[in-house]
Amino acid sequence: MKIFAHRGSSGTRPENTLPAFAEAVRLGADGIELDVQLTKDGELIVMHDEEVNRTTDGRGAILSKTLSEIKELNAGSWFDEKYASTKVPTLKEVLDLLVTRNYRGMLAIELKTDKEPYPGIEEKVSQLLTSQEWPFTYGYSSFNMSTLERIHLLEPETQIDFIMGKSEKKPPMALERSFIQGLHPDIRWVWKHQDEIREFPLAVRPWTVNKKAEIKCCIDCGVAGIFTDFPEKALEVKRNDR
Ligand code: G3P
Ligand code: CA
């Protein structure tokens, strides 16, 4: 079972920031997950919410701000004052960090188009990711199937996974598209389907699995991976299970 640091090591560092990703690399997480959104001037930034309110000292929609306006924000103090100098990273800055740290795991790039369609985001992300070789492997995921269809056309060989909540209507959408390789459901879907996971035709990687007992249950029911805010804890549970 692969351990993905959800938004980096977001339980111990401000989510989706360079300190969170650096910590995930330092811990030896198998995978790192991040969320990509688009600014008013068409720059790719890494943030979970469509608005900056929760994770910075600013207010308003990402789409209403230029990159230089986003760069003025403090993206660390909300988590801990010692991260007061932490900025919202661009996707390029995260990739550069992973290269500098010689990260060799899997990068799960979530395209956050389920609330804002961000026209052209797929082309921009793909252009950046295909512009050079990386020490790590990467794949794309989204709640938005149209985004996945678009990115698959751009990069037919790249791993693509469908993210969902717990609705039973969603798995068939993934199963009927042969380019979808994995299903990333809310953990509550896994609890309802524990006995079927090993036979399920797609790799199942639930989110967000933070408690030790839940991490252990995921190992036992045979999921391919988990997304966790606490990769250090999850790696320890995995080590102790051997
Ligand atoms: O990759 C799964 C997970 O990140 C989806 O949920 O809301 O944390 O982006 P969310
Ligand atoms: Ca995400």
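The values are calculated or read from the model by the stated rules, or taken from the named source; none is laboratory data. In this text the structure is predicted, and so the values were computed from the model without any measurement. All Cβ positions, glycine included, derive from the backbone under ideal geometry; neighbour counts span all protein chains shown. For the accessible areas, the whole protein counts, side chains as well, though only heavy atoms, and no ligand, DNA or RNA atoms are used. Shrake-Rupley method; radii C 1.70, N 1.55, O 1.52, S 1.80 Å.
Within the range 82-108, the set of residues being buried (at least 16 other Cβ atoms within 10 Å of the Cβ) and β-branched (Val, Ile, Thr) comprises Thr86, Val88, Thr90, Val94. Residues that are within 25 Å of Val204 (Cα to Cα) and either open to solvent by 30 Å² or more (accessible area, probe 1.4 Å) or within 14 Å of ligand 2 (Cβ to nearest atom) (or both) occur in the range 49-64; there is at least one. Whenever a residue of the range 31-43 is assigned to a strand (DSSP E or B), its partners that are within 16 Å of ligand 1 (Cβ to nearest atom) and acidic (Asp, Glu), lying with C-beta atoms within less than 6 angstrom and at least six residues away or across chains, give the pairs Asp35/Glu110.
So that you can scan it fast, the table gives a plain yes or no per residue for (1) within 19 Å of Ala22 (Cβ to Cβ); (2) more than 16 Å from ligand 1 (Cβ to nearest atom); (3) of a type in the set (D, E, K, R):
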site	(1), (2), (3)
Leu91	yes, no, no
Leu97	yes, yes, no
Asn102	yes, yes, no
Lys124	no, yes, yes
Gln132	no, yes, no
Ile151	no, no, no
Leu154	no, yes, no
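Candidates are the residues of the range 15-64 that are polar (S, T, N, Q) and within 13 Å of the chain's Cα centre (by Cα); the one that is nearest to Lys87 (Cα to Cα) is Thr17. Just wondering, is there one or more residues in the range 10-22 that are assigned to a loop (DSSP other than H, G, I, E, B), within 14 Å of ligand 2 (Cβ to nearest atom) and within 11 Å of Pro231 (Cα to Cα)? Yes: the range 10-22 contains one or more residues that are assigned to a loop (DSSP other than H, G, I, E, B), within 14 Å of ligand 2 (Cβ to nearest atom) and within 11 Å of Pro231 (Cα to Cα). In the condition set (1) within 16 Å of ligand 1 (Cβ to nearest atom); (2) open to solvent by 10 Å² or more (accessible area, probe 1.4 Å), Leu111 is compliant with all but (2).
When the residues of the range 171-188 are filtered to those that are more than 16 Å from ligand 2 (Cβ to nearest atom) and not in a loop (DSSP other than H, G, I, E, B), the one that is nearest to Val237 (Cα to Cα) is Arg188.
Of the residues making up the range 190-242, those that are of a type in the set (Asp, Glu), assigned to a helix (DSSP H, G or I) and either more than 21 Å from the chain's Cα centre (by Cα) or surrounded by fewer than 16 Cβ atoms within 10 Å (Cβ to Cβ) (or both) are Asp195, Glu196, Asp220, Glu236, Asp241. In this structure, Leu148 does not qualify as in contact with a Lys or Arg (Cβ under 9 Å, 6 or more places away or on another chain), closer than 23 Å to Ala234 by Cβ and not in a loop (DSSP other than H, G, I, E, B).
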